[in-house]
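J.: Here it is: the structure, laid out below.
The values are calculated or read from the model by the stated rules, or taken from the named source; none is laboratory data. Because the structure is a prediction, the values reported are computed rather than measured. A quick note on method: Cβ atoms are made from the backbone with ideal geometry, for glycine too, and the neighbour counts reach across all protein chains shown.
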Amino acid sequence: MKSGFLSRGYGGTLDVSTLVEPHHRAKDVGDEPLLLDRYAITVVSRRRVDGAHRLVDAGADLIIMYDGFQSARLTVDYTLVVIDSVRGIGNGFIIPAGPVRAPISEQMRQLSAILKVGDGTAADELVRTAARAGKTIYVAGIQPTMGLVSGGIFAFITSFINVELSIFNTTSTLNTIPVQLFNYVQYSVDPSIAAVSSLTILAAAIAIILIDWLIGLDFLSGS
């Protein structure tokens, strides 16, 4: 069985049904279809029916619609709703008042199964409701595949969103906690304390990198 992904290509500029190929860039087809294309043939299309035909022409006999739960143009055999166990469904309100795209009761009626990702508890109530309705529940975890150094660099880059939130949410009458802590460390704490702390963190990071390089962190955890 040959599977294929069907995506709307959010973030891309191409407005015709397109089979994702290696020369495409995120600005053309969106970033997520590029990731999906690593595992199966992928088509981006604003029109789901046209995209499905393109996949069939490419040899696919199993079509996975990415972010296609609200699409009514195609008859589906199985619907899987993925939910983050940390964020859950937020306030449960429909866009723009909240993050939900359709009433929860309607989604619960249409879905075949729920995939809960992570070990948080924010999605537990929804999962229990689905289980009582006889829906299948799957649980998954995320395991990093990148190396320790590249993972640290990625975490460092993605943490900049917290810097933006801390700075731009600060006003003349309101200071966020990170900004207050930074000002306190900058003006009230002996600089030698910050220097010793930085050296300690650096030494710990070097030790972790060496351990990972020499024997592997999996050896320490017993996995």
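J.: Can we say residue 90 is surrounded by fewer than 13 Cβ atoms within 10 Å (Cβ to Cβ) and either outside the structural domain of residue 117 (by TED's automatic domain parsing) or not in a helix (DSSP H, G or I) (or both)? Let's see the steps before the verdict.
T.: Details: surrounded by fewer than 13 Cβ atoms within 10 Å (Cβ to Cβ): yes; either outside the structural domain of residue 117 (by TED's automatic domain parsing) or not in a helix (DSSP H, G or I) (or both): yes.
Yes; evaluated as a whole, the condition is true for this residue.
J.: Could I ask something else about it? Tally the residues that are surrounded by 14 or more Cβ atoms within 10 Å (Cβ to Cβ) and either within 11 Å of residue 66 (Cα to Cα) or acidic (Asp, Glu) (or both), restricting the search to segment 11-30.
T.: Count: 1.
J.: Of everything in segment 15-59, what is of a type in the set (A, V, I, L, M, F, W, C) and either at pLDDT below 90 or assigned to a helix (DSSP H, G or I) (or both)? Give them in sequence order.
T.: Selection gives 26, 29, 34, 35, 36, 49, 52, 55, 56.
J.: Do any helices (runs of 4 or more DSSP H) lying entirely in segment 94-198 carry at least 2 residues that are closer than 30 Å to residue 76 by Cβ and at pLDDT below 90, and which ones are they?
T.: Numbers: elements: 104-110, 124-132, 148-158, 160-168, 177-188.
Of the helices (runs of 4 or more DSSP H) lying wholly inside segment 94-198, those with at least 2 residues that are closer than 30 Å to residue 76 by Cβ and at pLDDT below 90 span 104-110.
J.: Another question, if that's okay. Just to be sure, is residue 47 surrounded by 12 or more Cβ atoms within 10 Å (Cβ to Cβ), out of contact with any Pro (no Cβ under 9 Å at 6 or more places or on another chain) and not hydrophobic (A, V, I, L, M, F, W, C)?
T.: Values: surrounded by 12 or more Cβ atoms within 10 Å (Cβ to Cβ): yes; out of contact with any Pro (no Cβ under 9 Å at 6 or more places or on another chain): yes; not hydrophobic (A, V, I, L, M, F, W, C): yes.
Taking the combined requirement at face value, the residue satisfies it.
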